Structures are given as structure tokens and as C-alpha cells.
1. So the check is Cβ under 8 Å with 6+ separation or different chains; which pairs have a first residue in segment 327-338 that's part of a helix (DSSP H, G or I) and a second one that's surrounded by fewer than 23 Cβ atoms within 10 Å (Cβ to Cβ) and basic (Lys, Arg)?
2. Look through segment 74-92, keep the residues that are modelled with pLDDT of 90 or more and among the small types (Gly, Ala, Ser), and return whichever of them is farthest from the chain's Cα centre (by Cα).
3. Looking at (1) modelled with pLDDT under 90; (2) in the same structural domain as residue 246 (by the TED database); (3) in contact with a helix residue (DSSP H, G or I) (Cβ under 6 Å, 6 or more places away or on another chain); (4) not aliphatic (A, V, I, L, M), can you tell me which one residue 401 breaks?
4. Go over the candidates 440, 451 one by one and state the one that is modelled with pLDDT of 75 or more and surrounded by fewer than 19 Cβ atoms within 10 Å (Cβ to Cβ).
5. Within segment 226-235, can one find any residue that is in a loop (DSSP other than H, G, I, E, B), in contact (Cβ under 8 Å) with a residue 60 or more places away in the chain and surrounded by 14 or more Cβ atoms within 10 Å (Cβ to Cβ)?
6. How many residues does segment 90-136 hold that are more than 18 Å from residue 53 (Cα to Cα), part of a helix (DSSP H, G or I) and touching a residue at least 60 places away in the same chain (Cβ under 8 Å)?
7. Among the residues of segment 219-278, which ones are small (Gly, Ala, Ser), within 24 Å of the chain's Cα centre (by Cα) and not assigned by the TED database to the domain that holds residue 316?
8. For the subset of segment 489-507 comprising residues that are at pLDDT below 75 and loosely packed, with under 11 Cβ neighbours inside 10 Å, which member is nearest to residue 369 (Cα to Cα)?
Amino acid sequence: AGRRRRFFEQVLGCRRRLARRWLEAPVAAAFKLASMFALFRQKAQVQRLREAIRRKGMFLYDAFVKFDHSRNGLLSPGELYGAVHWLGIAQMGPEDVLDFLDLADTSGDGNISYQELVDLLAEDPAEAEAERRAAEEGGGGGGGEGPPPAALPQLVARASSEMPEDGGASLPTLGRLVSARPVEPKDEELLRRLREERAKRALEAEAQELEAEAAEEARVAGELRAEEDAADAAQEGGRNPKVEGTNVHYTFSTGRRPRGMTSRGDFKYEAAGAGEGQVLRAFPGCVLFLPLPFGGAGAGAPRPTTPVASYTLTLELSLDRLPLQGQLGALLSAAPHNEGDAALHVDSHGRVGRGQAFGEVGGPALRPGQWHTLQVRVAPDQVEVFVDGARAAALEQPGAGAPLALRANDAGAPTLTVFGSRHADECRGGRLRMLMADAALLSAEELARVAATVREEREGNFKMLVVNMLVEMGIGADVAAWAVEASAGATVEQRVQAAFDLINSAS
């Protein structure tokens, strides 16, 4: 039963609907049954109890009042067992009584209320409505005609003396008379011990199931890690991201999702240009969540107790277009699950900042359709932003509670949100080639060297692609290399055309 319940909860967790407790679902009763045979037995018990009450000529309300020896509006296990004994259902023993109580007790308080009894025993809405009227009127008969006057003395005597029936069932309108004396509870102490033993066994079984599920999850996780490791080994460049000490390096040029990265919205891998390899393109509305396991945090490592307030980021990114005048585009955030404002924006001029704090117009900025190296130096008191190695903005950063102070995710690793904001109109997406994070604070000179290295690698790869394309067109390698150095162009196609024009004009 516990396994079925957990499977149901897992299925609910996959649905895009408001979370609902399993106890509130109509299928909840199925999770209290050991097997389908238990269901058949309980249905038979319900039918026996229903027919036994009818043979007494009683409404359910009258029967409930008679069985409620303590007069507290609830039937305890002992009172229910006494009722079963009084009704003459010899087939139901203590264990069956507890099974019946578990079936009827939808509130989980260990007792049966009048409404719970009606919900279980009433066969149709008409009968339930008749029971409701009987309860409002304080009881009554079972709905038939009254007994003949000659039968009243005998019925009154039977009701007052608790004599067993002789010669058939009671007449229908004697519910109030029959309920005059409550039924004595039966074996309260025995039932209490049985319930305690049941609860103990259920807890032990639950613990065993959880242990077995944990072992199975660990086995599956191990197999998945082995598959990921094998895929990483076969992948150019190896594991992605690479974690070396305090440095975490993501590449988005493999065409395969990096390990640990999660997302909301749509993204795809696409060619950056003719022959330029692949990059990750996040469509508008897409948000990327990148764990930054500095020093190996995550994968079972202890969760950091305080946010990471000092680190350095380097991103190679391109934006298809800039926001309109007066609007902003989200670049980076540290808010868990994208539940907060973006901590770094781009405005309509391509300037990078936050809120109303941006650099001067005409200063270092992001240009649409071009690749840039964006670097962010996050210190406890200040955030510095660099575009292509040039300082573009300086923002206040109020300590560990700051917008770019990283919090741990469920796996224990500090997590960075890219292109995310709780304001959907700011999630404009973009393209990524790589992201590098370091738990150390790099100096401005170190950042400039990193930006130059990234730019040189990008330019070197770019030029090599153009040279190769010119050579394939029949141009000599030396001439092609000269033409590439002497020409300009933002894309491979533009550079090839410019170099080709230069060669033609020189010849």
C-alpha cells in the first residue's frame, strides 16, 4: 500500500497542477488496502453490517446513537466491536473490526463519525438523504409503516430487556425504542493493543520500503553516473563542466546538455555560423540554472551554510537583439528557482547594470548579433562588470544578502541563474558559448588577460575557419591567410566575402 501511495505522489509531482495531498484524492482508500482480496473482504463486511442494521429496523442514525456508548458523537474501536457483536455478525473478529474502522475513518482520528458511517453504508444518494432527514428529526424508523398496536408491548419489552429476537426482524419504526439503551463496548483494551501492534508493523514496513527505494535510487543514480561518465569520456573535451579546485568551466559547444544544468523554457543547440561549431541558444522565456560546485561541492557534499558572496564570472555570450527603450533584459540572477529579480540587466543601449545603475552611454556595451566576453567580479561590497576586458559598471553589493550572493541548490552546490528573472518580460534569452566561474576574486589585470585569451581563441578559430573555406575555393593558403588578416567582417560569411573581394582587387 505504501509503495502504491508513493507512486501516486510521484505521478502527482509530474503534473502541471496545484499540488494535492493523496488523502484528499478519491483513490486514497486504495492505499489502505494490502491487496485486492482485502477489498473484497471489506465490501462483504460492509454489506453484512448494512443488512444487519436493516434487519433491526433501524436508520443508521438510530444505530449510531445506540452504538455510541460514550455519547461523544464518535464510535471508538470498542464501541464498533460491541455493535458488531450486538448485531450478531460472528464472522467479524477484532482484526476485521480494525480493518472496517480504517476503511470508514477518512479523517484519520481513529474513530468513526456519523457522517463517515453514512458515507460508507448508504447505498445511494436517496438513502443518504433519508439518513440526513432522520438525523435532523432526532431518529425514527426505517421508513416503513408503523407496527400494529398489538405488537407494541412486545417490541417495547424487547427493546428494554435487550432480549434476542424471536420470529423475525424488528418492525421498521422502532429505531428510537431500540436506541433507548446503548450497546456496551467490547474488548477496548485488546483492540488498543492490536492497533499499537499494527502501527508498529506499519512503521517498520514503511521504513523497509523507504530503505529499499533509497537503495534502488542509489543504484539507478550510479548507473546514470556511469553512463554520463562514459559519454563524457567519448565527448571532445571530456567532462562538462570541468571542475578544477575553485574553478568551474562550462562549455556549450558540444551539442549535449552539461551535467547538472536544469532549465525552464526552450533552448536548442545551433551552429554559431558557417563552420563555427555549436552554441546554446536560449529562446525568450528560457532560464538556465547552472550549479557551480566550487571545490567539488554538490553530489552529496555538505550544503554550504552561508551564501557565496565572492567569486568571478566570465561568459561568452551573444544577444540577438537589445530591449526596447525603457525595458530591460535579464542576464544573471542568484535567486533560487528564479523567484527573484535579476541581479544584472542589459538595457536598450547594451549597457550592463542593475535597476537604474548603468554605465555611461557610449561606454563598453553589448552589441546585438555580436559575441562578447562578459565578466562579473562579485565582492561582498561591490560588483564590477567588464565587457570585452573594459570596465563597464560598478554596482553596490550589500554583503551575503546581495542579489548576486549564490545560494545552494538541492544537491548542495551554489547555483547561478542565467537569463532569468521573476518578471517574464525580462527573460529574453540569448546565446552562450562558455561560462567560467572561479571562487577567487580575480584582479582587473587578470580579468583583462582572461578576456584577451578568450578573444584570441575566438578570433583564431574564426580566422582559421575563413582560411579553410578560402582554400577549399581554390585560393592558396598564404594568400588566404593574408586576405583574412587584411579584411574585416562580423560573421564567417562576411569575412570570406571581404577576403575574396580583396584578393580579386589585388589581382
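The values are calculated or read from the model by the stated rules, or taken from the named source; none is laboratory data. None of the values given here were measured: they were computed from a predicted structure. Quick reminder, even Gly has a Cβ in these numbers, built from the backbone with ideal geometry, and neighbours come from all protein chains shown.
1. 336/407; 338/264; 338/422
2. 88
3. (3)
4. Details: 451 fails: surrounded by fewer than 19 Cβ atoms within 10 Å (Cβ to Cβ).
After applying the criteria, what remains is 440.
5. Taking segment 226-235 as the starting set, the residues that turn out to be in a loop (DSSP other than H, G, I, E, B) are 235.
Checking the rest, the ones that are also in contact (Cβ under 8 Å) with a residue 60 or more places away in the chain come to none.
Checked against the condition, which is being in a loop (DSSP other than H, G, I, E, B), in contact (Cβ under 8 Å) with a residue 60 or more places away in the chain and surrounded by 14 or more Cβ atoms within 10 Å (Cβ to Cβ), segment 226-235 yields no hits at all.
6. Count: 6.
7. Narrowing segment 219-278 to residues small (Gly, Ala, Ser): 221-222, 226, 230-231, 233-234, 237-238, 245, 253, 255, 260, 263, 265, 271-275, 277.
Narrowing the set further to residues that are within 24 Å of the chain's Cα centre (by Cα) leaves 221-222, 260, 263, 265.
The answer is 221, 222.
8. 504
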